[in-house]
Every structure is written in C-alpha cells, then in structure tokens.
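Written out below as structure tokens is the structure these notes cover.
No lab work stands behind these numbers, since they all come straight from the coordinates. Because the structure is a prediction, the values reported are computed rather than measured. Because the Cβ atoms are built from the backbone with ideal geometry, glycine has one as well, and the counts that use them run over all protein chains shown.
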Amino acid sequence: MGGWREVGEKVRAVRAEVLGFAVVGACAYVVDLGLFVWLRGAVGLDPVCAKALSFVAGCSVAYVGNALGTYRERAAGVSRLRQYGVFFAVNLVGVLVQVLCIVASHYALGFTSQRADTISGAGVGMALATMVRFWGTRTLAFGVRPSGRPAGEELAAARRARPGGWVEPVGPVDQGRRGSWTG
C-alpha cells in the first residue's frame, strides 16, 4: 500500500502548488489591473503604455510571490535574474495565447461583438494562458537546475546530509561562501 501513500502525497503536493500559484496569480492580477486603471485614468497614459507598465509590475509581483512562496525550495541557489527572465518570457507567451484567442474568435470566426472579444480573451484565452503559465513556471522558470537535477533536490539532499540546517555551498552561485543557513 506504500504506492497509494506516495500517490496521495504527490496529489497533495500538486494541489498545494496549484493553490499557491493561483493565490500569487490573483495578487499579480490585482496589481496589473489596479495599476492599469490608475495609469490610464489618473495619470493619463495611453492604453498601450499603461498596459505595458502594469504587465511588467504584475509579472514582477507574480515572480516574487512564486520565488519566495510557491517555488521557494526550487528557487534556492539559482540565478534570480535568469529565473526572472525565463518567468517573464513564459508570461509573454501567456499574453500571446490570449491575443491569439481574440484574433481567432474575432477575425477567423467572425464573432466581433465586445462580449465575444471579452469571452475569447478574458475567458477562453485566460484559461489557456493560465495553463501555459503554470506549466512554464513549474517546468522552465523553477524546474531543473543546470546540474540536471530538480532545483529543490540538491538542497534537500544537503539538508539530509547535514542535520541542523547548515549546508555547504551547492552549485556555482554559492561559490566563495563558507555555507548558508537554510532553516
């Protein structure tokens, strides 16, 4: 019956990951929308500039929330700049998915009403983009380290090897340090 226990643990882990990803995404969405409305209204920026700035802010909030929360174990010992770059690229692909849904609905299928555009972009497009973002975030941005091992695996192995939480450096990012406190 150990196999069922492992399956249950994996399901709980994925459920916690999805929940963390969703909470972080909701916070980032609020920042994106709030900043867009403020920049568009009170500040008076044009819509494209306002959206570009609000997207970068929302993407940054999502990265920080995922790096320090949902994927903190996987984020340890990896270049934050590289992670952010990959995370940002994944989010750009998500935006492209949403835009392509609008293009397909509006121009290819002929559904040209505002309601149809909203459903295709903010409904269908957002659902598909969220799946792309989840996969890209967990696989590409916070997935496998340059060593080929999953990011959290090296840190977990180091913790098991050194009781008390003090670990020796792992990987090129930590070179030059004597050790790091992990617990």
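For segment 75-92, a residue qualifies if it is under 12 Å from the mean Cα position of the chain (by Cα) and either closer than 16 Å to residue 138 by Cβ or acidic (Asp, Glu) (or both), and the qualifying residues are 75, 83, 84, 86, 87, 88, 89, 90, 91.
Of all residue pairs spaced 6 or more apart or on separate chains, none has beta-carbon atoms under 7 Å together with a first member in segment 32-59 that is in contact (Cβ under 8 Å) with a residue 12 or more places away in the chain and in a helix (DSSP H, G or I) and a second member that is of a type in the set (D, E, K, R) and loosely packed, with under 13 Cβ neighbours inside 10 Å.
Inside segment 21-31, residues that are aromatic (Phe, Trp, Tyr) and without any contact (Cβ under 8 Å) to a residue 60 or more places away in the chain make up a count of 1. Among the residues making up segment 20-39, those that are more than 22 Å from residue 80 (Cβ to Cβ) and either among the polar types (S, T, N, Q) or surrounded by fewer than 17 Cβ atoms within 10 Å (Cβ to Cβ) (or both) are 22, 26, 29, 30, 33, 34, 37, 38. Could we say that residue 62 is surrounded by fewer than 20 Cβ atoms within 10 Å (Cβ to Cβ) and closer than 25 Å to residue 19 by Cα here? Considered against the rule, which asks whether it is surrounded by fewer than 20 Cβ atoms within 10 Å (Cβ to Cβ) and closer than 25 Å to residue 19 by Cα, residue 62 comes out as no.
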